[in-house]
Each structure stands twice: as C-alpha cells, then as structure tokens.
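Data first, discussion second: the structure below is written as structure tokens.
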Amino acid sequence: MKPLDQILKADIKNIKMIVLDVDGVLVPRGTKIKQAGNTTTLETKVIADKQIEQIKALNERGFLINISSGRGLYMLQEMFRGILPFVSLTYENGSATWYQGKVYQHVNSFKYLKDVFPKLKKAVSDNKDVKGFEPKEFIITIHCEKQVPEIEEIVKKEKGLVTIWNGEAYDIQIAKDQTKAVGLRHVMEIFKLKKENVMAIGDNYNDAELLAESGLSISADKERVQGKFYVPLESELLPADLLMQKILELSS
Ligand SMILES: [Mg+2]
C-alpha cells in the first residue's frame, strides 16, 4: 500500500465512478443508538457542506458517484438529500441500490434471516452490552458496547450466515453472497462499467470485498482493510475529504 499523496494522474485515467463508504470515510465513526422497549432512537449524521460541494464538483467533472454503506436506505436518503439527483445509493452492505427513485434489489436474504432474528431478539433482550437493533431490511445490525459472544454463538449455528464486528456493531448477513462487492457488481452492470473504471474507498471489515472488486482501491484504515493506496487515519480531515480533494486536483 502506498500513501495517497503518491497517487498520479495516470492512476485515475480510466476511472469513471467513485464509490464512497459513509461511516469513517464521509462522516466520523460512531453511531448513537438507544433502545428502550419498543422505542428506538437513532441519530442521523450530517454530511458536511464541504463534502457535498466536493461530490458536486466531482460530478461536474464527469465522475459517477456511488455511496456504498451498511446503513439503511431511509438514512442514506436523509444524509444525501441535497445531491440525490446524481448519486446512487447502495445500502445494507450491497443488498440493494437506489438510483433516481428506482430500487434494484441485489440479494434476497429473507429465508436466511427470518428464523435467526427472533432468536437474537430474545437472547439479547436483557443484555446490558447491547444498545439496540438498527432498523434494516436485508441484514441484521445490532449495536453493542463490546463484542457479545452470545450473538456470535447463535449466528454460528445458522447455516450460511456470518457476523461482521466493526468495533461498534454486528452486521449479520449471508456469507459471500451479501457483501458490498455483490452490490458493486450490479452497479457496474447498471452503469455499464468495468472494474478498471471504478475507484472505491472504505475503512472497515465490511469494505474488504468492495475494495478487492474495484480497479483502484483506497483504504481509509490500513489496519482493517487493504488498498492500493491508503489515507492516513490520524489526519484531521475526513478520508473522503482528502481523497476528493486529490482527485479534483488530478482531474483539473
Ligand atoms: Mg465505514
């Protein structure tokens, strides 16, 4: 992996689409969630005006922008409200993509998750380390103070499912067939792109497949995911800020 400041104009000459992860890339890490009985409180993070302007500028230079996140669609629509006409939103770790009001479903996880959901609900209801279930359609996301072995044990018994712990929550989804890479492959079909046309940036374990599937990969946390280039974690600027600034420089 090379530091991002070594990226050259030649590296991005075939790039037509930029795929941006959200948490830890476009906004700082950490989700505030509280669940008390049937009431779930979830904070919506705001994308800073500066990043919205950078995305607009990239779009004006001719780049397609795809947001690829583990979050649900309702949340991404809220976060990207001002630029929805030209961004595509791939949500719940590659499960589906929203583009200009049309939803493309990539994965059907219903029969895989329907039995495990009530088991998890029941098992963790009194667990003080469990903060709450984030509302999702195609994956199960459980926010926890720390890793909860009970959750891992339950999922391990279910055929074909995996848990991905990202430091603040578990995503529970279908092994291999429900990843950000699956979402990206469908997005490439929608926009008729090849691997070499795609640049992607991500910071966490759920981004590993996405980065491997893209022609030019950027890691926003080199301890957690591999990329051709990496953005230093200790910078005061967000990883997406540094990357977009760099691409705007190189493409001017
Ligand atoms: Mg992330």
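For segment 165-209, which residues satisfy the criterion of being over 13 Å from the mean Cα position of the chain (by Cα), among the aliphatic types (A, V, I, L, M) and either assigned to a helix (DSSP H, G or I) or at positive phi (or both)?
Selection gives 187, 188, 190.
Within segment 1-36, restricting attention to residues that are among the basic types (Lys, Arg) and modelled with pLDDT of 95 or more, which residue is nearest to the chain's Cα centre (by Cα)?
Only one residue tops the list, namely 16.
Only one of 100, 147 is at negative phi, exposed (fewer than 15 other Cβ atoms within 10 Å of the Cβ) and touching a residue at least 12 places away in the same chain (Cβ under 8 Å). Can you tell me which?
Of the residues listed, the single one that is at negative phi, exposed (fewer than 15 other Cβ atoms within 10 Å of the Cβ) and touching a residue at least 12 places away in the same chain (Cβ under 8 Å) is 147.
Here is a yes/no grid of residues against (1) surrounded by fewer than 14 Cβ atoms within 10 Å (Cβ to Cβ); (2) assigned by TED's automatic domain parsing to the domain that holds residue 63; (3) closer than 20 Å to residue 111 by Cα:
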residue	(1), (2), (3)
130	no, no, no
157	yes, no, yes
161	no, no, yes
164	no, no, yes
184	no, yes, no
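Looking only at segment 117-128, which residues are surrounded by fewer than 18 Cβ atoms within 10 Å (Cβ to Cβ) and among the hydrophobic types (A, V, I, L, M, F, W, C)?
Within segment 117-128, 117, 123 qualify.
Consider segment 232-247. How many of its residues are farther than 21 Å from residue 56 by Cβ and in contact (Cβ under 8 Å) with a residue 12 or more places away in the chain?
2
Are there strands (runs of 3 or more DSSP E) fully within segment 1-58 with at least 3 residues that are surrounded by 18 or more Cβ atoms within 10 Å (Cβ to Cβ)? List them.
So the answer is 17-20.
Could you check segment 37-56 and list, in sequence order, the residues that are modelled with pLDDT under 95 and in contact with a strand residue (DSSP E or B) (Cβ under 7 Å, 6 or more places away or on another chain)?
40, 41, 42, 45, 47
Kindly indicate the residue of segment 210-239 that is closer than 21 Å to residue 14 by Cβ and in a helix (DSSP H, G or I) and also nearest to the chain's Cα centre (by Cα) among those meeting that condition.
So, considering only residues that are closer than 21 Å to residue 14 by Cβ and in a helix (DSSP H, G or I), the one nearest to the chain's Cα centre (by Cα) is 210.
I'd like the residue in segment 163-215 that is within 13 Å of residue 93 (Cβ to Cβ) and hydroxyl-bearing (Ser, Thr, Tyr) and, out of all such residues, is nearest to the ligand (Cβ to nearest atom).
Ranking the qualifying residues of segment 163-215, first place goes to 205.
Considering every residue within segment 64-86, establish whether at least one is away from the ligand (no atom under 14 Å from the Cβ), in contact (Cβ under 8 Å) with a residue 12 or more places away in the chain and among the small types (Gly, Ala, Ser).
Yes, the conditions are met somewhere in segment 64-86.
The values are calculated or read from the model by the stated rules, or taken from the named source; none is laboratory data. It should be emphasised that the depicted structure is a prediction, and the values quoted were computed from it without experimental measurement. Quick reminder, even Gly has a Cβ in these numbers, built from the backbone with ideal geometry, and neighbours come from all protein chains shown.
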